[in-house]
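Worksheet: one structure, shown below.
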Amino acid sequence: MSYLIDNWEQVLDLAGEHLVIVLVSLGLSTLIGVPFGILAARVQKLGPWILSTLGIFYLIPSLALFAVLVPFMGLGLQPAIVGLVLYSQLPIVRNTATGLAGVDPALVEAARGMGMTPFQRLVLVELPVATPAIVAGLRVAAVMSVGIATIAAYVGAGGLGNLILRGMQLLYPEMVVAGALPAALMAIAVDLVFVVWQRRASR
């Protein structure tokens, strides 16, 4: 703990980098994953294919995926963010599709009877009802991204993984703890934020 106390400013800066990586990747994952989830729910023949394809990315070890992306994108933030986006797609797409599939048909029929267009039904009725399920998918993706982002240090992405990597190279356990402990606390904090959001969305 002495390294963490003596170098708290550096750790704080790296934690900020780490959080930015997670937030950027989660934002992009949401923009991509929710529409794919809607597509998977709407076109039943495509749904299994979409989920199966995304499941392949989910099964690839994170370090291997980052390593595959490096020759195309170089070292730095790009392969880290793209890798995190690919990993986050499965829980977001699956939960979005599941949430939309669980909407009460009577609500949809009532909205249709009121003269709503398909787009209006989706935005004003179906997505709000499916929001708790969607937030649950985002929660899984966010917490997972905090952990996997530490491995992104191997491709020069920065963040708390730098301390873990350097500590392992130098056989310096306190440096490893200085990177791992804030990352664990960040994952807990992110999870709590989404728990509160999910409860409010359920109400």
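The values are calculated or read from the model by the stated rules, or taken from the named source; none is laboratory data. Just so you know, these numbers come straight off a predicted model, no measurement behind them. All Cβ positions, glycine included, derive from the backbone under ideal geometry; neighbour counts span all protein chains shown. Note: areas computed on protein heavy atoms with side chains; ligands, DNA, RNA excluded. Shrake-Rupley method; radii C 1.70, N 1.55, O 1.52, S 1.80 Å.
Things to note:
- Normalised per residue, the accessible area of the chain is 53 Å², obtained with a 1.4 Å probe and no contribution from ligands, DNA or RNA.
- Local charge for V135 was computed over the other residues whose Cβ lies under 11 Å away, with Lys and Arg +1 and Asp and Glu -1, and equals +3.
- Carbon and sulfur %, accessible surface of the chain computed with the full protein complex present, 1.4 Å: 71 percent
- Cα-centred dipole magnitude for the chain, charges only on beta-carbon of K, R (+1) and D, E (-1), debye, nearest 20: 780 debye
- Less than 5 angstrom separates the built amide H of G159 from those of H18, all sequence-distant by 5 or more or on a different chain.
- Candidates A41, A184, A80, ranked by Gaussian network fluctuation over the chain, Cα under 10 Å, top entry: A184
- 20 °C / 1.002 mPa s Stokes-Einstein diffusion coefficient of the range 1-70, Kirkwood radius on C-alpha pairs, µm²/s: 141 µm²/s
- Taking F194, F119 and ordering them by how much accessible surface each has at a 1.4 Å probe, largest first, produces F119, F194.
- Dipole axis of the chain (+1 Lys, Arg; -1 Asp, Glu on Cβ), positive-most option in I5, V196, G99: G99
- Inter-centroid distance (Cα atoms) of the range 29-51 relative to the range 133-171, Å: 26 Å
- Subtracting the Cα-Cα distance of Y172 and D13 from their residue separation scaled by 0.36 nm leaves 55.2 nm.
- Structure-derived Rg/Rh (Cα atoms, Kirkwood Rh) - corresponding label in (1) 1.07; (2) 1.03; (3) 0.93: (1)
- Charge tally in the Cβ shell below 10 Å around V108, where Lys, Arg are +1 and Asp, Glu are -1, V108 excluded: -1
- With a cut-off of 13 Å between beta carbons, the residues surrounding V11 carry a summed charge of -4, where Lys and Arg count +1 and Asp and Glu -1.
- Membrane-span-like helices in the chain, defined here as complete DSSP H runs extending at least 20 Å along the helix axis by their C-alpha atoms with mean Kyte-Doolittle hydropathy no lower than 0.0, are 8-42, 77-101, 127-151, 173-202; this is a sequence and geometry rule, not a statement about a membrane.
- Accessible area of D6 in the full protein assembly, 1.4 Å probe (Å², nearest 10): 120 Å²
- Ranked by solvent-accessible area (1.4 Å probe, protein heavy atoms only, all chains present), the residues Y172, Y154 order from largest to smallest as Y154, Y172.
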